[in-house]
Amino acid sequence: GAGVSQTPSNKVTEKGKYVELRCDPISGHTALYWYRQSLGQGPEFLIYFQGTGAADDSGLPNDRFFAVRPEGSVSTLKIQRTERGDSAVYLCASSLQLQETQYFGPGTRLLVL
Amino acid sequence: GEDVEQSLFLSVREGDSSVINCTYTDSSSTYLYWYKQEPGAGLQLLTYIFSNMDMKQDQRLTVLLNKKDKHLSLRIADTQTGDSAIYFCAELSNSGYSTLTFGKGTMLLVSP
C-alpha cells in the first residue's frame, strides 16, 4: 500500500514569509508525528497527533510553528515569519496507534533565504 | 533527560560485517529502532527490538540489546555497497510519551 507522502518535496522561501507543509499518513493510521532534521543531526520531535487533537506539542520551538489535523488524516505544519534558522528537512511519520512503529515520509526540504 | 549516542562514521570493505553501536539513557524505553537514511531520502525502518529481548535476527541484520548497559548494536552481515547510508538508532520511551529520540546517526561507507 501507499506509504507516508509529503508535499512539497522542496520549498525555497524568503525570510519573513509564511509556509505550509503537508503530510498524508498511511491510510488507517491514527497517530501522526512531525520531526525536524537539521544538517548532520538526527530528527527531533516537534508535535504529534492522536486523531484530530495535538497530544503533545512540546517540541515546537516557538509560537511561529503550528500544526493541524482537522479530520484526523492529513496534517499541515504551518510556519509563520520564517527565519533562516528554520531551514531543515521536516519529516512526517505515522503509526497505527500510539506507541507503535512509526513509518516516515520522504520529508520536505525547507530553505529560507 | 533522554540522550542517544552513536559513533559518527564507519568504513568497511564489501563482504565484511559492519557493527554499528548505540547507547541510550532512558531505562523506561520500550522499543529500540534502527532506521536507514540514504542521501536526500526519508527514514526507512530497518528493524526494531522490544526491550525485554536480548537479540533479534532478520536476514542479514542482527540486533543485540544489553539493557543493563543500555547498549544497542546493529550487525550487518556481508555488507554491500548499497548498504552505504546513515543509520539512526532511536528509542521509544514508556514514560507517557510516544515520540522517538534519535541519535545523530552513523555514516556507513562500504568500499568495493
So, in the range A:1-45, of the ones that are aliphatic (A, V, I, L, M) and more than 9 Å from chain B (Cβ to nearest Cβ), which residue ends up nearest to A:V112 (Cα to Cα)?
A:V12
Subset of the range B:15-64 (residues that are away from chain A (no Cβ under 14 Å), modelled with pLDDT under 95 and either in contact with a Leu (Cβ under 7 Å, 6 or more places away or on another chain) or closer than 30 Å to A:N10 by Cβ (or both))
B:M53, B:D54
Test for A:V68: is it among the aliphatic types (A, V, I, L, M) and without any contact (Cβ under 8 Å) to a residue 60 or more places away in the chain:
yes
Out of the strands (runs of 3 or more DSSP E) lying entirely within the range A:55-107, which hold 1 or more residues that are away from chain B (no Cβ under 14 Å) and of a type in the set (K, R)?
A:75-79
Of all residues in the range B:57-112, which are among the acidic types (D, E) and in a strand (DSSP E or B)?
B:D58, B:E91
Residue among B:S27, B:S11, B:S18 that alone is crowded, with 18+ Cβ neighbours inside 10 Å and touching a residue at least 12 places away in the same chain (Cβ under 8 Å)
B:S18
In the range A:44-58, is there at least one residue being exposed (fewer than 15 other Cβ atoms within 10 Å of the Cβ), closer than 23 Å to B:V4 by Cα and modelled with pLDDT under 95?
yes
Residues in the range A:20-42 that are more than 12 Å from the chain's Cα centre (by Cα) and assigned to a strand (DSSP E or B): how many?
1
Residue hits (the range B:1-58; of a type in the set (V, I, T) and either touching a helix residue (DSSP H, G or I) at 6+ places or on another chain (Cβ under 9 Å) or over 17 Å from A:E44 (Cβ atoms) (or both)) are B:V12, B:V19, B:I20, B:T23, B:T30, B:T47, B:I49
Can you name the number of the only condition in (1) over 15 Å from A:S94 (Cβ atoms); (2) free of Cβ contacts under 8 Å to residues at least 24 places away in the same chain; (3) polar (S, T, N, Q) that A:S38 fails?
(2)
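The values are calculated or read from the model by the stated rules, or taken from the named source; none is laboratory data. Because the structure is predicted, anything quoted here is derived from the model rather than measured. Cβ: placed from backbone, ideal geometry, glycine included. Neighbour counts: every protein chain shown.
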